[in-house]
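Enquirer: The structure follows.
Computed from the coordinates by the stated procedures, all read-outs in this text should not be read as laboratory data. This is a predicted model, so every value here is computed, not measured. FYI the Cβ positions are ideal-geometry reconstructions off the backbone, even for glycines, and counts take in every protein chain you see.
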Amino acid sequence: MKVTVKLAFLYLFFIFVIGCKNDKTERKTVLLADREAPLGWIYLKMYDNETFEFISRGVRVDEDIYSGTYSFKNDTLYFKYKNSIPKAGSKAIIEKGFINYLDGAYPESIQIKSNNLK
């Protein structure tokens, strides 16, 4: 009986470990861009599973994270946000080392620091 309890515990432990590993889907960064804002920073992180995070971080602890999925066609990026859309917009082009947003409330441009986007 002790062996059965130990085996059951071991089985549950492995199920837990495997479940935790699947929850933390590994994704690689394919593009990083940022710029200094008047009172903080703007960051764009794009991943190989076609997800992204657009982060607006203030000097204080304030931080707005806009996430979703993206598609890339020719030199144009199309962002589909999960919840709300930042004022930068949802369409941008890659040009001369910058990402320039086209349809926002203001002209946003962030410098590319790393680009492995295909």
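Enquirer: Under a straight-distance cross-link criterion of Cα-Cα below 25 Å, which lysines are reachable from Lys28, leaving out those fewer than 8 residues away in the same chain?
Expert: Within the straight-line cut-off, Lys28 pairs with Lys45, Lys73, Lys80, Lys82, Lys91, Lys96, Lys113, Lys118.
Enquirer: Moving on. Residues with beta-carbon under 11 Å from that of Tyr101, excluding Tyr101: net charge, scoring Lys, Arg +1 and Asp, Glu -1? Each step should come with its number before you reach the end.
Expert: Working: positive: Lys87, Lys91; negative: Asp103, Glu108.
Local charge sum for Tyr101: 0.
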